[in-house]
Amino acid sequence: MSKLLFIQTLGCAMNVRDSEHIIAQLKEQDYEITDDVNIADLILINTCSVREKPVHKLFSEIGAFDKARKKGSKIGVCGCTASHLGGEIFKRAPFVDFVLGARNVSKISQAVRTPKFISTDINYDESEFAFGDFASSPYKSFINIMIGCDKKCSYCIVPQTRGDEISIPAQIILREAERSAARGVKEIFLLGQNVNNYGKRFSNAHEKIDFSDLLVRLSKIEGIERIRFTSPHPLHMDDKFLDVFCNNPKICKSMHMPLQSGSSKVLRDMKRGYTKQWYLDRALKLRQSC
């Protein structure tokens, strides 16, 4: 008989994709998804730590899950808060069965089998791991194109929870997009902390390719009608990138372009790497070209 999996996802689109990877791996272990925590054999909470509120919510949520779960079920904590707090989670919630960091998703099957398993290495390399196929929507696919972040923004915890930036090889991304198109997906959504810095570093020797070239290749896949992505970094918005964005008809004309501050001095203190003037210049180029 199949075992039942309940999973709650907090946070960003990357966490949603991580949850899909977890589900795909566990389906290979005969798990099926349920939305009823009371009957689940395995209860997972995939966490976010970018803001403080989701961290507080974690412990109230898993406390409620502990009260609701059936005898013999397991509770696991995954994601960014798992990376950040590590073994502290066991101390604060001793009923938790395992802790799995945001860069350790591929170890989920081992975690489920191993009592008090913990893996929170923020530089564990999953960039070439072959995850199984699972998508929450029949029409849209999230696709990771990179993991981690090399930026040192003074206010942000992401590099401490997702590790150094590594790009996923283009052939893996293209194959995933082609498989998505084959099952009827019309829209792909590319994910990364700084997507337009794609291609700066791979784990092994791979073809050199930047984000603009990757967009062009993805747009040539038959069946894919819309391409979206998040989040581009203003620092890497060169003219080549903006030209591809504006002129490729498959790329949706919406841009999440974080400013963070209207003061160049504050941007410098934040270690963002660009000025107010640079941001305004890029915004003007976008408005003129689109």
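The values are calculated or read from the model by the stated rules, or taken from the named source; none is laboratory data. Because the structure is predicted, anything quoted here is derived from the model rather than measured. As a convention, Cβ positions derive from the backbone with ideal geometry for all residues, glycine included, and neighbour counts pool all protein chains shown.
Here's the yes/no breakdown for (1) modelled with pLDDT under 95; (2) among the aliphatic types (A, V, I, L, M):
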| residue | (1), (2) |
| --- | --- |
| S203 | yes, no |
| F211 | no, no |
| H236 | no, no |
| N247 | no, no |
| V266 | no, yes |
Query raised in the report: Somewhere in segment 95-112, is a residue over 21 Å from Q25 (Cα atoms), at pLDDT 95 or above and either not in a helix (DSSP H, G or I) or not basic (K, R) (or both)?
Result: yes
Report summary line: Among residues of segment 40-68 being assigned to a strand (DSSP E or B) and polar (S, T, N, Q), the residue surrounded by the most Cβ atoms within 10 Å (Cβ to Cβ) is T47
Report task. Mind listing whichever residues of segment 26-45 are at pLDDT 95 or above and of a type in the set (S, T, N, Q)? Result -> T34, N38
Query raised in the report: Which members of segment 94-121 meet the condition of being within 16 Å of I168 (Cα to Cα) and without any contact (Cβ under 8 Å) to a residue 60 or more places away in the chain?
Result: N104
Query raised in the report: Restricting attention to segment 1-25, and to residues there that are over 21 Å from the mean Cα position of the chain (by Cα) and modelled with pLDDT under 95, which single residue is surrounded by the fewest Cβ atoms within 10 Å (Cβ to Cβ)?
Result: M1
Report summary line: When segment 17-39 is checked residue by residue, the ones that are under 23 Å from S60 (Cβ atoms), in a helix (DSSP H, G or I) and touching a Leu at 6+ places or on another chain (Cβ under 9 Å) are S19, I22
Query - Which numbered condition L284 fails, given (1) over 25 Å from the mean Cα position of the chain (by Cα); (2) surrounded by 12 or more Cβ atoms within 10 Å (Cβ to Cβ) - result: (2)
**Report entry** Unmet criterion (only one of (1) surrounded by 21 or more Cβ atoms within 10 Å (Cβ to Cβ); (2) within 29 Å of I209 (Cβ to Cβ); (3) not assigned by TED's automatic domain parsing to the domain that holds C252) for I145
**Finding:** (3)
